[in-house]
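Undergrad: Provided herewith is a single structure, encoded as structure tokens, for subsequent inquiry.
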Amino acid sequence: MFYNRRPRAGGSTSSLGAGQARPAGARTQAGKTQAAKTLASALQALRGPFIVADLETTGLSTATCEILEFAAVRVEPCGTMAREYTQVVRTMSPVPSFISRLTGITQAEVDRHGVPVAEAFTSFLAFVEDLPVFFHNASFDRRFLGAAADQTGMPFANATHCTLALARHAWPELPSHKLEILARHVGASNPTHRALADVRTTVAVALAANLRLASAG
């Protein structure tokens with residue numbers, strides 16, 4: 001990519017090629033501009049209806065880990081939670097013991113109630129329709145949804161937004177923007193690492209952040 005600069009007074013021009021760095025000030029300004037656009041897009045999406053979703057997984061890497069649970073809630077323009085979706089996935093590998101301790105999802109539950117990831121992903125896509133989808137730390141969930149899309153051949157093309165980024169804008173004074181910290185800050189229920197419970201908490205955080213940013217701006 002080339003970054004063209006305005007011609008100098010003497011008529012000469014210069015450009016920054018692929019091997020040359022942009023000035024630090026230009027990079028900072030570009031980052032601020034992009035952040036402002038991302039925030040504006042998220043606030044527009046919060047006018048609703050929108051989806052808040054969460055995934056539980058068997059670990060952090062899409063190369064070696066799987067989606068363990070899907071959950072999503074549809075939020076109407078008035079802020080009410082209209083419908084919910086949750087589904088445990090029958091993973092190909094056994095559920096690691098530390099994941100069971102973290103989430104409460106046991107191998108017995110997976111064996112009893114889990115469905116193949118293609119079936120769960122199909123139902124998830126039908127639930128979210130073409131609405132914008134919010135996640136807390138969206139980059140993590142997008143990676144796993146992308147892996148599911150590659151595995152099943154069903155694309156996930158919805159616009160996505162991050163409540164973690166929203167919270168950082170809304171409450172920059174907080175020392176951390178982890179979901180449990182935010183839950184206490186806004187008076188929401190504590191997250192439990194079960195996907196649907198965490199989605200409900202994330203809805204409360206998203207709505208509170210929206211109110212905070214609207215009143216500030």
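Undergrad: Amide H neighbours of THR192 under 5 Å, at least 5 residues apart or on other chains, H built in the peptide plane: list them.
TA: Those lying under 5 Å, H to H, from THR192 are ASP198.
Undergrad: For the chain, what proportion of DSSP beta bridges, expressed in % and rounded to the nearest 5, is antiparallel? Walk me through the intermediate numbers first.
TA: On the way: 17 of 23 bridges.
Taking every DSSP beta bridge with both residues in the chain, the antiparallel ones total about 75 percent.
Undergrad: Can you give the percent of C-alpha pairs in segment 39-82 whose distance is more than 13 Å?
TA: Working: 602 of 946 pairs.
Here the long-distance tail beyond 13 Å is 64 percent of all Cα pairs in segment 39-82.
Undergrad: Within a 10 angstrom radius of the beta carbon, how do LEU68, LEU43, LEU211 rank from fewest other beta carbons to most?
TA: LEU211, LEU43, LEU68
Undergrad: Give the residue from LEU102, HIS185, THR64 lying farthest towards the positive end of the charge dipole for the chain; charges sit on Cβ (+1 for Lys and Arg, -1 for Asp and Glu) and the dipole is referred to the Cα centre.
TA: Positive-end residue among those listed: HIS185.
Undergrad: Gap in Å between the Cα centre of segment 56-127 and the Cα centre of segment 132-155?
TA: Comparing the Cα centres of segment 132-155 and segment 56-127, I get a distance of 12 Å.
Undergrad: Report the charge-dipole magnitude of the chain in Debye, nearest 20, computed about the Cα centre from +1 at each Lys and Arg Cβ and -1 at each Asp and Glu Cβ.
TA: Numbers: 21 positive and 16 negative charges, 265 e Å.
With only Lys, Arg, Asp and Glu charged at Cβ, the dipole is about 1280 debye.
Undergrad: Something else now. Using only the alpha-carbon atoms, how far is helix 138-152 inclined from the longest principal axis of the chain? Give it as 0 to 90 degrees, nearest 10.
TA: 70 degrees
Undergrad: Using the count of nearby Cβ atoms within 10 Å as a rough guide to exposure, how do ASP54, ASP111, ASP141 rank from fewest to most?
TA: ASP111, ASP141, ASP54
Undergrad: So, one more: So how tilted is helix 117-128 from the main axis of the chain? Cα-based, degrees 0 to 90, rounded to 10.
TA: For helix 117-128, the angle is close to 60 degrees.
Undergrad: List the residues whose amide H sits under 5 Å from the amide H of THR160, counting only those 5 or more places along or on another chain, with H placed 1.01 Å from N in the peptide plane.
TA: VAL133
Undergrad: Using the number of other C-beta atoms within 10 angstrom as an exposure proxy, rank MET81, MET92 with the fewest first.
TA: Lowest to highest Cβ neighbour count: MET92, MET81.
Undergrad: May I pose another question? Using the scaling law 2.2 N^0.38 Å as the reference, what is the normalised Cα Rg of segment 158-217?
TA: Ratio of Cα Rg to 2.2 N^0.38 Å: 1.07.
Undergrad: If you don't mind, another one. At each listed q (0.08, 0.12, 0.15, 0.18 Å⁻¹), what is the log10 of I(q)/I(0) that the Debye formula gives for the chain modelled as equal alpha-carbon point scatterers?
TA: Each listed q corresponds, in turn, to -0.36, -0.71, -0.98, -1.26.
Undergrad: Next up: Place a +1 charge on the Cβ of each Lys and Arg in segment 91-158 and a -1 charge on the Cβ of each Asp and Glu, then give the dipole magnitude about the Cα centre in debye, rounded to the nearest 20.
TA: 260 debye
Undergrad: Please report the relative contact order for the chain, taking Cα pairs under 8 Å with a sequence separation of at least 6, and give it as a percent rounded to a whole number.
TA: 19 percent
Undergrad: Label-point separation (nm) for GLN34 and ALA118, each offset 7 Å from Cα along Cα-to-Cβ?
TA: Between GLN34 and ALA118, the label points sit 3.6 nm apart.
Undergrad: For segment 53-64, just list the computed ³J(HN,Hα) in residue order, Karplus coefficients 6.51, -1.76 and 1.60, θ = phi - 60°, integers in Hz, with x standing in for Gly and Pro.
TA: Once rounded to whole Hz, the list reads 9, 8, 10, 9, 10, 8, x, 9, 9, 5, 6, 10.
Undergrad: Using amide H atoms built in the peptide plane, which far-off residues or other-chain residues are under 5 Å from LEU46 H to H?
TA: Excluding prolines and chain starts, which carry no amide H, there are no hits.
Each value in this text was obtained by applying a stated rule to the coordinates, not by laboratory testing. Just so we're clear, the structure is a prediction, and the values are computed from it rather than from any experiment. Methodologically, a virtual Cβ is constructed for each residue, glycine included, from the backbone with ideal geometry; neighbour enumeration extends over all protein chains shown.
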